[in-house]
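A.B. asks: Have a look at the structure that comes next, please.
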């Protein structure tokens, strides 16, 4: 049983996790103030014979304080969050040396196109495999997303990467995997009857393993 | 002119005497009386709430026990659940229609159709709405829309299946989704519902602006009416956008247009922009009236004025205004320009501020009050506590990098349900109980109401809190069988726990249903002002008569003058708005409106 | 309905407004309704703008498919009907419930409410009729909501001159054209029907008076709104 986000396996995991924890702390403080406050009031101010409520219409000072503190907190949170947002999603953040892989989503499978030996997508030695994403570890990978039919969403929880694949659009999403192993890719946007089983296997491999696999594929092997 | 029918000169004996006697049909079925219309909305919406709940039970069965035959499932046709085992194509109909019925035909009409209609004229001292016949049409169109939507289950290929958010191109391409004529029925239903909403809003807005009793200045209007007024403005501006989108979707399917189909130059994202431009104000439509009614109940239960009344009004306006510029936060992962994502993040984080202000003001109202825990108060405090959780969870999703792992997971589902159920529905339990005597002349059972509240509170949190956890763990929305994914298998015990809790939660609601129905006939006869409240409605008999007041009341003070020195001097802790003290002056009589 | 006892017994209409808006309820209600209609057309027109200008392929050239001169005349007709509406409103404000009346010293007779509202209705009906005829012609030539129908005259023209006819985006052209103008036409039709209803039930029996002509004012508001939407549509659909 997991009680937290799945263990992270990309360079995005740490900043997102830190931001998540920061928000958890901030909202936790607010949560405690409100819930404990409510509980305390419910007990302390319950009606008893002879008690009288305080006749007051409010306090401008209180209003200013509990407006300013949340407002400032939200602005700071926004600034910090935006820094990571730009790093992850901005087109210009895709590292120039990223290894490009094409992922074409369709009902209900992922067609993954590899650039082959020349390392370039869109050339003759590209090859396509269904439902298997192989990537080298510790190397930026850029996924070029497209869709055949409806909106799907490319989602690998451990990479902390999610990006919708939209028909009529060509969208690039990048990541850098940090832990070799096998993971799962799921579709995170309702795409029809088979949405629930639009699953692919993701292999993060050492450079040697990856190259070996690439050679085997180019030679016509099926894995 | 719509009000000519009321203007029969002659004796004003009882409340109804200025009418020729009405037949049963005129009085209860084709009524133009805002109170009857509100009650009609109440019965119909509670029915759709039940429908939505039954759909949820099936969803929870499948998620907790994927692929197992559902008890009682054998009554479902082979196309939905052969042998009681829910099919994937039926499952996505269930999730779609659960959301659709709950949002459009349960919560929205319960909050607006019922309480805008019932409360507004009563609480501002008007005899009825500005346009009573249009008001009647508003109800019948809403009912028609609901029936059209419901028909979707009974046509070939069943109900729509693209989620209540109906994303195109899936929704525009029946060949890709498998739906049949029901998708077109969806569009028709939405257009009809939009008309109903606009008609209602025209009434609510005009009535609040023009038909307030003398002395009922803007800043003496009760917060429930402020909230309903602002909600009506949201509705009148947002629903037509959805109508436009629904029509474009309908045309894509039936006229061969290509608004949302990229194959011929359309744009898939256009649907999302249109839908959420409507959809975000819509969710504020689903919470603001609840907040307004909670304010009434908390002030009443605390025997204290609302803390920061003016701030509360500005917070309502602030939430409504900001609500127009946050829609892109539903689209952070959509492929929309990330810079747009940044701007929507800022506006979304900011909208937390007026909501926080409201929570603190409710707490301020309770602080040093003399708290009476009648059933409405229990539910109102429950609202504050649960809405806070729902609002705080929103902050996680507002921070765009954190939205990456959370978008389209059960974390979102948890958030939605904390604000809609923990929020709106708890507020509704409180409101229904609070205004029941004014509607039906009887009280609901207090002991039953208390048991219902506590059991609901417990089973509700058991159902929805763990959804945050499984969402963090990565369980996507709208998937038929989480156990397909290895990384989700370890969480399945929590899905089972949630499902059992949900079944218990649903069962507990039978208590409320029984209380509501039984009390109609057998509830204690209600005194005129059972809650010692200040609102104008409590100066009328229970149930309130047709036409409300014989003579428009005068208003002498604000709505929350509890425990004031003047009240003390009278030996009580409340001071109704229309009560004239020796020290009060009559407000100026209202000037005549122009008739041209 | 007397106004003298207004301040004492507020059960009798017109129910007094608190300082309120100073605008009587029916008019306020119509303004609110028009706000909702603005949003409806915003959804349609906004989508059109996003779809057209988000596209790399240009739309068909103005006048290639649509009959701009005829629609220009139609636009003029609609504007005339708005002018007639204003005249009708002015007429009843002055108590002129009649159709036509001779005015000493003037050659042209003076039009009353019955005359001017009829002119409005006729111009509106003419607008719709011309639009229907245009639709029939366009569909016959092959212009449909889905684009240029295969094998049609327009499809031939477009194949010969794809730039002029915006061949690549004909589907979007058709989709947006028919949806926007169609709903506008629907609104004009509803306006004409409403005016006819008022004409027969209130105008002909002379039930309006200078003290009470709210119905004329609010249908006038609706009519001017519909005219304004058309001016926008004519510009962005036909002229650009």
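The values are calculated or read from the model by the stated rules, or taken from the named source; none is laboratory data. Small disclaimer: the values here were computed from a predicted structure and weren't measured. Note: ideal-geometry Cβ built from the backbone for every residue, glycine included; neighbour counts use all protein chains shown.
A.B. asks: Any idea which residue in the range A:194-208 is nearest to the other protein chains (Cβ to nearest Cβ), counting only those that are over 19 Å from the mean Cα position of the chain (by Cα) and in contact (Cβ under 8 Å) with a residue 24 or more places away in the chain?
C.D. replies: A:197
A.B. asks: So, one more: Name the residue, out of B:576, B:553, B:559, that is within 14 Å of chain C (Cβ to nearest Cβ), part of a loop (DSSP other than H, G, I, E, B), in contact with a helix residue (DSSP H, G or I) (Cβ under 8 Å, 6 or more places away or on another chain) and modelled with pLDDT of 90 or more.
C.D. replies: Among B:576, B:553, B:559, only B:553 is within 14 Å of chain C (Cβ to nearest Cβ), part of a loop (DSSP other than H, G, I, E, B), in contact with a helix residue (DSSP H, G or I) (Cβ under 8 Å, 6 or more places away or on another chain) and modelled with pLDDT of 90 or more.
A.B. asks: Could you tell me how many of the residues in the range A:1-35 are more than 9 Å from every other protein chain (Cβ to nearest Cβ), outside any helix (DSSP H, G or I) and exposed (fewer than 14 other Cβ atoms within 10 Å of the Cβ)?
C.D. replies: Looking only at that region, the number is 1.
A.B. asks: Further, regarding this structure: Residue B:378 - would you say it is under 23 Å from the mean Cα position of the chain (by Cα) and within 19 Å of residue B:531 (Cβ to Cβ)?
C.D. replies: Against the criterion (under 23 Å from the mean Cα position of the chain (by Cα) and within 19 Å of residue B:531 (Cβ to Cβ)), residue B:378 qualifies.
A.B. asks: With the structure loaded, tell me whether residue B:179 is part of a helix (DSSP H, G or I) and over 15 Å from the mean Cα position of the chain (by Cα) or whether it fails that test.
C.D. replies: No: the conditions fail for residue B:179.
A.B. asks: Can you tell me which residues in the range A:194-207 are surrounded by fewer than 20 Cβ atoms within 10 Å (Cβ to Cβ) and not in a strand (DSSP E or B)?
C.D. replies: A:194, A:197, A:199, A:206, A:207
A.B. asks: Criterion first (assigned to a helix (DSSP H, G or I) and within 12 Å of chain B (Cβ to nearest Cβ)) does residue C:225 satisfy it?
C.D. replies: No, not satisfied.
A.B. asks: Does residue A:88 satisfy being touching a strand residue (DSSP E or B) at 6+ places or on another chain (Cβ under 9 Å), in a helix (DSSP H, G or I) and within 10 Å of another protein chain (Cβ to nearest Cβ)?
C.D. replies: Details: touching a strand residue (DSSP E or B) at 6+ places or on another chain (Cβ under 9 Å): yes; in a helix (DSSP H, G or I): yes; within 10 Å of another protein chain (Cβ to nearest Cβ): yes.
Criteria met by residue A:88.
A.B. asks: Another one. Consider residue B:320 against the criteria (1) surrounded by fewer than 24 Cβ atoms within 10 Å (Cβ to Cβ); (2) at the interface with chain A (Cβ under 10 Å from one of its Cβ atoms): it satisfies all of them except one. Which criterion is unmet?
C.D. replies: (2)
A.B. asks: Scan the range B:398-445 for residues that are closer than 28 Å to residue B:96 by Cα and in a loop (DSSP other than H, G, I, E, B) and jot them down.
C.D. replies: B:399, B:407, B:408
A.B. asks: Could you identify the single residue in B:275, B:219, B:229 that is within 23 Å of the chain's Cα centre (by Cα) and within 14 Å of chain A (Cβ to nearest Cβ)?
C.D. replies: B:275
A.B. asks: Kindly provide the set of residues from the range B:1-51 that are in a helix (DSSP H, G or I), modelled with pLDDT under 90 and within 14 Å of chain C (Cβ to nearest Cβ), ordered by number.
C.D. replies: Those that are in a helix (DSSP H, G or I), modelled with pLDDT under 90 and within 14 Å of chain C (Cβ to nearest Cβ): B:4, B:5, B:6.
A.B. asks: For the range A:167-181, which residues satisfy the criterion of being in a loop (DSSP other than H, G, I, E, B), facing chain B (nearest Cβ under 7 Å) and in contact with a strand residue (DSSP E or B) (Cβ under 6 Å, 6 or more places away or on another chain)?
C.D. replies: Of everything in the range A:167-181, just one residue is in a loop (DSSP other than H, G, I, E, B), facing chain B (nearest Cβ under 7 Å) and in contact with a strand residue (DSSP E or B) (Cβ under 6 Å, 6 or more places away or on another chain), namely A:167.
A.B. asks: Conditions first: (1) under 14 Å from the mean Cα position of the chain (by Cα); (2) under 23 Å from residue B:92 (Cβ atoms); (3) facing chain B (nearest Cβ under 7 Å). Residue A:160 passes all but one, so which condition is the exception?
C.D. replies: (2)
A.B. asks: Test residue B:449 against the stated conditions and say whether it is over 17 Å from residue B:60 (Cβ atoms) and touching a strand residue (DSSP E or B) at 6+ places or on another chain (Cβ under 8 Å).
C.D. replies: Values: over 17 Å from residue B:60 (Cβ atoms): yes; touching a strand residue (DSSP E or B) at 6+ places or on another chain (Cβ under 8 Å): no.
For residue B:449, the condition - over 17 Å from residue B:60 (Cβ atoms) and touching a strand residue (DSSP E or B) at 6+ places or on another chain (Cβ under 8 Å) - is not met.
A.B. asks: Only residues that are more than 7 Å from every other protein chain (Cβ to nearest Cβ) and assigned to a helix (DSSP H, G or I): list them for the range A:36-51, please.
C.D. replies: The answer is A:36, A:39, A:40, A:43, A:44.
A.B. asks: For the range C:93-137, which positions are part of a helix (DSSP H, G or I) and within 14 Å of another protein chain (Cβ to nearest Cβ)?
C.D. replies: Hits for the range C:93-137 are C:93, C:113, C:135.
A.B. asks: Please find, within the range B:493-507, the residue that is farthest from residue A:193 (Cα to Cα) out of those that are touching a helix residue (DSSP H, G or I) at 6+ places or on another chain (Cβ under 8 Å) and either surrounded by fewer than 19 Cβ atoms within 10 Å (Cβ to Cβ) or modelled with pLDDT under 95 (or both).
C.D. replies: The extreme case among them is B:504.
A.B. asks: If you take the residues of the range B:70-127 that are without any contact (Cβ under 8 Å) to a residue 12 or more places away in the chain and not in a loop (DSSP other than H, G, I, E, B), which of them is surrounded by the fewest Cβ atoms within 10 Å (Cβ to Cβ)?
C.D. replies: Per the stated criteria, the residue is B:75.
A.B. asks: Right, something else. Considering each of C:60, C:90, C:64 in turn, give the residue that is assigned to a helix (DSSP H, G or I) and either at pLDDT 95 or above or more than 17 Å from the chain's Cα centre (by Cα) (or both).
C.D. replies: Sole residue among the options that is assigned to a helix (DSSP H, G or I) and either at pLDDT 95 or above or more than 17 Å from the chain's Cα centre (by Cα) (or both): C:90.
A.B. asks: Quick test for you: out of B:453, B:516, B:434, B:426, pick the one residue that is under 22 Å from the mean Cα position of the chain (by Cα), surrounded by fewer than 24 Cβ atoms within 10 Å (Cβ to Cβ), in contact (Cβ under 8 Å) with a residue 12 or more places away in the chain and closer than 30 Å to residue B:304 by Cβ.
C.D. replies: Being under 22 Å from the mean Cα position of the chain (by Cα), surrounded by fewer than 24 Cβ atoms within 10 Å (Cβ to Cβ), in contact (Cβ under 8 Å) with a residue 12 or more places away in the chain and closer than 30 Å to residue B:304 by Cβ holds for just one of B:453, B:516, B:434, B:426, which is B:516.
A.B. asks: Looking at the range B:471-479, can you tell me whether even one residue there is out of contact with any strand residue (DSSP E or B) (no Cβ under 6 Å at 6 or more places or on another chain) and within 30 Å of residue B:530 (Cα to Cα)?
C.D. replies: No, there is no match, as no residue in the range B:471-479 is out of contact with any strand residue (DSSP E or B) (no Cβ under 6 Å at 6 or more places or on another chain) and within 30 Å of residue B:530 (Cα to Cα).
A.B. asks: I'm told residue C:151 meets every condition in (1) at pLDDT 95 or above; (2) more than 24 Å from residue C:131 (Cβ to Cβ) except one. Can you identify the failing condition by its number?
C.D. replies: Against the list (1) at pLDDT 95 or above; (2) more than 24 Å from residue C:131 (Cβ to Cβ), residue C:151 comes up short only on (1).
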